[in-house]
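Below is one structure, written out as structure tokens; the observations come after it.
Every number here is computed from the coordinates shown, using simple stated rules; none is lab data. Fair warning: this is a prediction, and the values are worked out from it, not measured in the lab. Ideal geometry is used to build each Cβ from the backbone, glycine not excepted, and the neighbour counts take in all protein chains shown.
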Amino acid sequence: MQFKGVIGQQDIKDYLLNSAQSNQVSHAQMFLGSEGSGNLALAIAFAQYLQCRNKGVEDACGICRSCIKANKLMHPDIHFSYPTVGSKAKSTDFLTEWRTAVAEQPYMNVYQWLQHIKAENKQGNITREECEAIIRKLSLRAYESTYKVLIMWMPEYLGKEGNRLLKLIEEPPDNTVFLFVAENSNLILNTILSRTQQLRIYRLSDAEIAEALVAQHNLTENKARQVAILAEGNYNKALELLSNSENDNQQLLISWIGACLSNQSVILLQWVEEIAKLGRENQKNFIKYALYFLRQSFLLQVGQMKTTALSNQELQLAKQLMEKMTLEHFESVIQLLDEASYHVERNANPKILFLHLSIQVMEHYKDVR
């Protein structure tokens, strides 16, 4: 994987490129970022850059022998460690599955990975045998390159076995680089955490996710933006939303608000029937999208935003609402949606829930008609 294949994170990319070009690569780095931020993709791209035989200023060349092997996760001097199942399992036991999973989705979460290896209800872990295998591998000389790189994904699963690696991390062989890829520093041994340079990988912006969805999945800009809003900086979640939802939240919202504003009971009942059929996850996504829209509209109303991320169609609707609703009405409707989200989570009857919500919203609108 090259840096150009990693979504966003330009500041981190620049830092990693500069460290490699100035020969100041820290021997132990912790890529700490939430799910879907791209921390694993960044670590893999950095490892490929370190091994590239024809490095560019901004990326690995992608065509040299080292890059070809690294891109297939088959470079002999780039080693991987990750959670597996089995009391004595090692990562190499699941290497074929790892290569397939990362090639398909480098933004995956650990649950998806464990399901990929058919873990079912078994707990993932990084075993004593895995730690001993790491020590053996990194004690050998590099086969082809200057660097030996270990990428450990989810060191949270090390537990106390991680203490076996402390001496190796603190006094590594020459040109050995540890790239730990983690989500929750609270679950990592402090003895390991204190021996690493921590790189904070931030959540992706809505614009970065939307741009990637348009480029990689041929979505319209409008649809990609809707998905990005719901993904909340998590590209893995964006892909899940994309595969599980075909409804258009923007049109659902426009229909709903239009029916509420004009007091069209028949249309509203039809809308309730439609949303009740969508399933709980899609209902939650609609509410999340509606909350985003109303909060953006609220900020426009109070003058807190000079520019907005709303589309032209959404902006027209927002202006229509701003003409008819006070700040108190905005706050009340937002509160009603928050309460509806709570009840959807708890499997409330969707027809009753959304009909009750709509009637309450209509009552608020009556005050301003």
Part-to-part distance (alpha-carbon centres) for region 48-117 and region 121-173, which is given in Å: 15 Å
With each label point set 7 Å from Cα along the Cα-Cβ vector, what nm distance links ALA215 and LEU187? 3.0 nm
Rounded to the nearest 10 degrees, the helix 249-262 long axis (Cα) sits at an angle to the longest Cα principal axis of the chain of 20 degrees
Pick out, in residue order, every one of the trypsin sites (Lys or Arg not before Pro) in region 195-303 that is DSSP loop and has at most 15 other C-beta atoms within 10 Å; say none if there are none. LYS277
Options ALA228, ALA348, ALA290, ranked by Cα towards positive dipole end of the chain, top entry (Cβ charges): ALA228
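List the longest stretch of the chain that has no exposed loop site; here a site is one of the GluC sites (Glu not before Pro) assigned by DSSP to anything other than H, G, I, E or B, with at most 15 other Cβ within 10 Å.
Values: sites that count: GLU58, GLU120, GLU144, GLU246.
The longest such stretch corresponds to 247-369.
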Relative to the first principal axis of the alpha-carbon coordinates of the chain, what is the inclination of helix 206-217, with its axis defined by its Cα atoms, in degrees from 0 to 90 and to the nearest 10? 80 degrees
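Taking Cα pairs under 8 Å and at least six residues apart, what relative contact order does the chain come out at, in percent?
Working: 508 pairs, mean separation 63.3, N = 369.
It comes to 17 percent, rounded to a whole number.
Need one word for the chain: rounded, prolate or oblate. Basis is the Cα gyration tensor (sqrt eigenvalues a ≥ b ≥ c); a/c below 1.5 gives rounded, then a/b vs b/c decides. It would help to have the intermediate numbers written out before the result.
Numbers: a/c = 2.74, a/b = 2.17, b/c = 1.26.
Here the chain falls in the prolate category.
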Note to self, the chain gives a 222 nm [θ] from helices alone (DSSP H runs n ≥ 4, -39500 (n - 2.57) apiece, / all residues, nearest 500) of -16500 deg cm²/dmol
Gyration tensor (alpha-carbon) shape descriptor, region 12-88, a/c threshold 1.5: oblate
Trypsin sites (Lys or Arg not before Pro) restricted to DSSP loop in region 1-59 with at most 14 other C-beta within 10 Å: ARG53
